[in-house]
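The values are calculated or read from the model by the stated rules, or taken from the named source; none is laboratory data. As the structure is a prediction and not an experimental result, all values here were calculated from the model. Cβ coordinates were reconstructed from backbone atoms using ideal geometry, including for glycine residues, and neighbour counts include every protein chain displayed. Side chains are part of the model used for accessible areas, which takes the heavy atoms of the whole protein and leaves out ligands, DNA and RNA. Shrake-Rupley method; radii C 1.70, N 1.55, O 1.52, S 1.80 Å.
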Amino acid sequence: ALGPNEYQTILCYVKNFLAKAHPAVGRSGPVCPFVPKSLRKDCLYTGVVRFPKDRVITKDHVVDLVRRYASIFDTLEPTKGRARQFKAIVLIFPDIALKDAHEMIDGVQRYVKPDFVSRGLMVGEFHLRNNTSGLRNKKFYPLRTPIPCIAMRHMVPTDLAFLDVDQYEPALRKKFLQSFLEVFGEDKVAKKKPEVKMARAALEKLK
């Protein structure tokens, strides 16, 4: 059965935290600039994922599930117009224990990220033990949710900060940068953004 309390809990996190300003972010505006527009345009999808109690669920099961959503992402409304850019999906996993979140949430996100980025999508991992800090404040942890979640949305130019990072080996960084430039490099508006120029420069250094 679907749990309305899980929806309510995560929507409170989205509306009252991600969509609002926070003094620890280190800049003005909401914690996630993407979220307010997604909410206003009514294109934020949420879903509670339940697992059978008599079945052992592995990382591979979650990988397959998340990848299926990547395939159907573009079929969800809106499929055209400017609002399409603000579409997002949040998958809520109340049956994943916190002790398993590193493997079942973080591990899945790392595994599927190259496929998502090649599609022009970003995928994020959320749970109470998430130690990914904010870009401007290393003591701020915005991805800590009361229930484990995996979210996906369209890539935006500022996502370069999450793609060209030292934690990725050079071959993977190169793949991310190439995918980023395939999405934004020829777009009339986006190609003028400083992030696109930075991506081109970073890619040249890796050649």
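Overview of results
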| quantity | calculated |
| --- | --- |
| Answer residue from the stretch 43-82, given it is small (G, A, S) and in contact (Cβ under 8 Å) with a residue 12 or more places away in the chain and is surrounded by the most Cβ atoms within 10 Å (Cβ to Cβ) among those | A70 |
| Test for M104: is it in contact with a Phe, Trp or Tyr (Cβ under 9 Å, 6 or more places away or on another chain), closer than 17 Å to F34 by Cα and hydrophobic (A, V, I, L, M, F, W, C) | no |
| Helices (runs of 4 or more DSSP H) within the stretch 116-207 that include 1 or more residues without any contact (Cβ under 8 Å) to a residue 12 or more places away in the chain and either under 15 Å from the mean Cα position of the chain (by Cα) or surrounded by fewer than 16 Cβ atoms within 10 Å (Cβ to Cβ) (or both) | 170-184, 194-206 |
| Restricting the stretch 83-109 to residues that are modelled with pLDDT of 95 or more and basic (K, R), the residue that is least open to solvent (accessible area, probe 1.4 Å) | K87 |
| Test for T158: is it of a type in the set (S, T, N, Q) and under 29 Å from H61 (Cβ atoms) | no |
| Which numbered condition V123 misses (of (1) at pLDDT 95 or above; (2) out of contact with any Phe, Trp or Tyr (no Cβ under 6 Å at 6 or more places or on another chain)) | (2) |
